[in-house]
Amino acid sequence: MDQPVILCGLGRLGRRVLESLRAAGMSAVVIDRHCDPSSPSLKGVRVVVGDFRQVEVLEAAGVHEAGGILILTSEDLVNISAALTARQLNPKVRIVVRMFNQNLIPRLGKAVQNVISLSVSGMTAPLVALTALTGEALGAFSLEDGIRQVTEIKVTDNSPLIGLTVSEAAARHHLLVVALSASGAKDRLWHDLDAETKFASGHQLVVCGEPEHLAPFLGVEADPLAQVLWAGWLRRNWRVLWRTLSEVDLPVKISTAILIGVLIAGTLVYYFGIPKSERTISGGLLRAVGLIATGGDLHEDELDQPWQKVFVSALRIIGAALIAVFIAIITNYFLRARLGGALEVRRIPDAGHIVVCGLGNVGFRVVEHLLEYDERVVVVEQQRDSRFLATARRLGVPVIVGDATVTAVLRQAHAATARAVVAATDNDLVNLEIGLLARELNPRQRVVLRLYDTNLAQTLREAANIRLALSIPTLAAPAFVAALFGDRVPTIFLVCGRLLAVQEIPVHEHDTTLIGQCVRALAVDYKLLPVGLVSANQYSSPRPADQILRTGDRLTVIAALPDLERLLRREPLPANWAVEITDCPSAARPKLTQLLWERQSITGHMAEGLLDHLPIRLGNNLTRGQAEDLLARLREEKVAARLVNQSEALVPAASTDASERVLNSLSQTHANS
């Protein structure tokens, strides 16, 4: 993207977006009413001071020549007004708008052409949820066959990676190397690494893989519930019943016990002391309940003794009083405890669940994503009138209405034995307090903090050992930049100073750039790292680099934003490479004969003749990726070959002339015979 991007609004999110634009190598023009153009953070950036809703301000920023417009204030109405004004001035420019109103987000894009609306909470919630599951803040994303995690690994003296090459690490441990850093050497991304590069002690790796494959290198259990001993059905339900009774208020217990005692006494008296009544336990219980609770007939004809009449009268009076007291206490208890809340607390797991503190925009969406992964979730929310409270309960999530900064509330949520604790309230200080309290309950607890203050998040990671302190502007900013390139990008992370994106690329019908192309060739040409490939019949390939793309396939890759833009634009590539074969074992001759027949449209006899006059060219006018893919296939057959740039005029030209002379000679011989 050669044209500058107009950035409207320089708040916390705006500043992080500006950093992401710089990391992506893009120029920007900033419009803000209160920013200081002389600020060191704006060095090299053109600043226009003013209201970006005004036509003259947008024109001064160069709206007619802009490569994109980002509108990032915290007021939806201001953002919509600016977007409509910019659309009138430049009908073709892509506009990315920050929105809080979830109902407007999908509708604005349909109503106004080439406008993408993004929600900060909608973009960051999946990352927070995956961080809680995987324990990794660098990056995580979901594929058809499970979660992929992007993490940093340090190669130590006793690491199983010592001495392995990049290709061997991929084969043995299912690790895709994204970047490699070595002391005193330049950081290298995957496209700058040779497959035979060996790992040594002190290397810092950024790798991508499934959590269970990464767990041994991170020092954590692949299954966090592997050591949990599960109780049987009877024991679990008895434990729930006992916990329920132990937490009931004392007045409720006392009144219930007295009422039960009176019923038992009445039943026994009717059974043993009144001969004319029905001489069964059930009959005695029925008479006692009818007398106390319903005001039934006294049956005076059955009462022969004076004490019996006194007992029945006293039972009627005492029962009426007990029923009134019991109903009043129980009603008061349920009103205070909220019946739904009192019952759902019983469903809090003993261990292995995820506690989410705060049920705001981000917190609720974190809960939704965790439920999509079939995780058990417990919510702690302080506000009884939270608009997401009823919805969370309808989803089957236990909700504790209380203050998560109170240790007793965290204990009630069993935070000490939870898989992770997510502090997702709207207050940074409250989130920090929740995180520290959770660490007190369990020093090894995985705590994920949602923070707006970028500096605070960085300080907590470096100084307080809270590795999963996540800055919301830092997580959201790259997605706004990625939206300038087209479709929404699920995950973006910063590695070695480069902004990398995870993108799913669908192969559509008539897409000549992709159909029939080997994934390995595409990866080399556009500097992609293939991480997953799902075919049209929903089959997930374990080795996507070796596959040929077909209609309906969906390829997931990691790429730098400029390289991703080249691919999305289907930018043509120079085809000036060839492969030169220098030696061929006899076992590989049939395979090479077939390749020559396919690529040069010659007969088998002519192909055999060419193989007797090495070196020869196999494939001309190839892209670099196509040439490297062909070279890899030849090396699998133990064929000695090398890449040749056709723009070089030395050996390649002589080799080509020799091949042509051999072909002419063979053609003449074939014609004579």
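Keeping all protein chains in place, calculate the accessible area per residue for the stretch 498-614 (probe 1.4 angstrom), answer in Å².
Ligands and nucleic acids excluded, the figure is 46 Å² per residue.
How charged is the neighbourhood of R550? Take every other residue with its Cβ under 12 Å from the Cβ of R550, and add Lys/Arg as +1 and Asp/Glu as -1.
-2
Between the DSSP loop rule and a limit of at most 14 other Cβ atoms within 10 Å, which GluC sites (Glu not before Pro) in the stretch 467-566 are left?
Filter output for the stretch 467-566: E509.
For the stretch 485-590, count all C-alpha to C-alpha pairs, find those more than 16 Å apart, and express that count as a whole percent of the total.
62 percent
Would you work out what percent of the accessible area of the stretch 501-564, with all protein chains in place, is carbon or sulfur (probe 1.4 Å)?
So the carbon and sulfur contribution to the accessible surface is 52 percent.
Compute the FRET efficiency between A320 and V252 as 1/(1 + (r/R0)^6), taking r as their Cβ-Cβ distance and R0 = 22 Å, and round to the nearest 0.05.
E between A320 and V252, to the nearest 0.05, is 0.70.
Can you work out the accessible area per residue across the stretch 49-88, with the rest of the protein chains kept in place, probe 1.4 Å, in square angstrom? Mind dumping the intermediate values first?
On the way: 1720 Å² over 40 residues.
Per-residue value: 43 Å².
Mind ranking 253-266, 353-366 by how tightly packed they are, going by the mean number of other C-beta atoms within 10 angstrom, highest first?
With the highest mean Cβ count within 10 Å placed first, the list reads 353-366, 253-266.
Report the label-to-label distance for S39 and D350 in nanometres (one decimal), using points 7 Å from each Cα along the Cα→Cβ vector.
Simple spin-label model gives 5.4 nm for this pair.
Taking the mean number of other Cβ atoms within 10 Å as a proxy for protection, how do you rank 73-81, 320-328 from highest to lowest?
The most tightly packed comes first, giving 73-81, 320-328.
Using the per-residue mean of other Cβ atoms lying within 10 Å as a proxy for protection, in what order, highest first, do the peptides 380-392, 409-421 fall? Spell out each step's value before the answer.
Values: 380-392: 16.5, 409-421: 21.1.
The packing order, highest mean first, is 409-421, 380-392.
Can you work out the FRET efficiency for the pair Q458 and F100, with r the C-beta to C-beta distance and R0 = 30 Å, to the nearest 0.05? Show your work: numbers first, answer last.
On the way: r = 26 Å, r/R0 = 0.86.
In this case the efficiency is close to 0.70.
Does the stretch 1-87 come out rounded, prolate or oblate by the C-alpha gyration tensor, with a ≥ b ≥ c the root eigenvalues, rounded set by a/c under 1.5 and, if not, prolate when a/b is larger than b/c and oblate if not?
Taking the square roots of the gyration eigenvalues as a ≥ b ≥ c, the stretch 1-87 is rounded.
Checking the a/c ratio against 1.5 first, then a/b against b/c, what shape does the Cα gyration tensor give for the stretch 35-179?
prolate
Assuming R0 = 60 Å, can you tell me the calculated FRET efficiency for the pair R394 and N621, based on Cβ-Cβ distance, to the nearest 0.05?
Calculated transfer efficiency: 0.45.
Using amide H atoms built in the peptide plane, which far-off residues or other-chain residues are under 5 Å from H353 H to H?
Sorted by chain and number, the residues that satisfy this are R419.
Under 8 Å for C-alpha pairs, at least 6 residues apart: give me the relative contact order for the stretch 1-138, rounded to a whole percent.
For the stretch 1-138, the relative contact order is 20 percent.
The values are calculated or read from the model by the stated rules, or taken from the named source; none is laboratory data. These numbers were taken from a predicted model, which means no experiment stands behind them. We place every Cβ from the backbone using ideal geometry, glycine too, and count neighbours over all the protein chains shown. Surface areas here come from the heavy atoms of the whole protein model, side chains and all, with no ligands, DNA or RNA. Shrake-Rupley method; radii C 1.70, N 1.55, O 1.52, S 1.80 Å.
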